[in-house]
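Read the figures in this text as sums done on the coordinates, not as results from a lab. Just so it is clear, the model here is predicted, and its values are computed rather than measured. Cβ coordinates were reconstructed from backbone atoms using ideal geometry, including for glycine residues, and neighbour counts include every protein chain displayed.
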Amino acid sequence: MPVEQKIRIQVLGFFAITVDDTPVEHLVARSRRGIDLLVRLILQQGRPISNQQLIGELWGTDLARSHESALKTRVCRLRDLLESVAPGLEECVQAEHRAYRYQPLPNVTVDVLDMLDILQKMQGELTTEERLDCCRRIMDLYQGEPYLPVGTVGDVIHASYLRKSYLQTAHTYVDLLRERGDDGALIAACRQALRQDPLEEHLRAELMRALARQGRPDEAAQEYAQAVRFARQMLDSEPGEELQACRREIAGRAK
């Protein structure tokens, strides 16, 4: 049965499902373990995960008949949960020979898969406007690390790649906005990225310079004070040379 409604699945930062733009409330509370399994399948981008691997990740034990049965039960409950959200949605979880995979469906979109598609697109030849649009979309999509509380090695690798890609995109976006002279959008982009990584000193410096260009040196000074606080609290050090030079440059202009 095809999914007739518009389904949006979010896994970046937190888990959520919307049906025709209406959130499905308390879905995680209804089956936290099932949602963990769904996210794990989604992050494999359609590649199957063997039963043995899933059992090891979910139960931390070697393959055993009892856990084979438990995995099958968990998948059935997940499919029932998805069907209750929207008829046909359960078809996104597919069984193969001793494995399971996520199957993309018409009318169903997933934020992390959209982000990965855009990152792939950005590897090709794009106009400036197309690259700007790709950057904007990634900035909107990335709300934090994927919802995966188990924390396997694979989870860490996925989270690290997505976070690194997001920050690289933020750098590209800021460079393009600076070239266009769009300091308003640049300031918003830097502040958004710094919420994900407050220790990102190059973006902090770009933010300070943009504030100074807009005649807001006091706000630029506040940003430097923030950088000092984060560096001392999280790294037990002082801001790097780029930020210190940026502060001196802005202070010199204000005199």
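Assorted remarks:
- Tensor-based shape of the stretch 1-50 (alpha-carbon gyration tensor, a/c under 1.5 rounded, otherwise prolate or oblate): oblate
- Anisotropy class of the stretch 111-254 from Cα gyration tensor, a/c 1.5 cut: oblate
- Which of 222, 187, 158, positive extreme of dipole for the stretch 111-254 (C-beta unit charges): 222
- Within the chain, helix-based [θ] at 222 nm, where runs of 4 or more DSSP H residues each add -39,500 (n - 2.57), nearest 500: -19500 deg cm²/dmol
- Volume per residue of the C-alpha convex hull in the chain, rounded to whole Å³: 159
- Label-to-label distance for residue 188 and residue 45 is 2.9 nm, based on points extended 7 Å past Cα in the beta-carbon direction.
- At R0 = 45 Å, FRET efficiency that the Cβ-Cβ distance of residue 172 and residue 84 yields, to 0.05: 0.65
- A Förster distance of 30 Å, applied to the separation of the beta-carbon atoms of residue 233 and residue 128, puts the FRET efficiency at 0.20.
- Centre separation in Å (Cα based) which lies between the stretch 4-43 and the stretch 185-240: 34
- Between residue 197 and residue 72, the modelled labels are 4.6 nm apart [label points 7 Å from Cα along Cα→Cβ].
- Spin-label zone in the stretch 190-205 - amide nitrogen under 20 Å from a point set 7 Å from the Cα of residue 245 along the C-beta vector: 199-205
- Computed extension gain for residue 163 through residue 26, at 0.36 nm per residue and net of the alpha carbon distance, reaches 46.7 nm.
- Cα centre as origin, Lys/Arg/Asp/Glu Cβ charges: the chain dipole, Debye: 440
- Take each peptide in 156-162, 122-128, count the other Cβ atoms within 10 Å of every residue, and average; sorted highest first, the result is 156-162, 122-128.
- Positive-pole candidate from 37, 94, 54, dipole of the stretch 7-109, charges at beta carbon: 54
- Counting all C-alpha pairs of the stretch 7-109, share separated by more than 20 Å (%): 35
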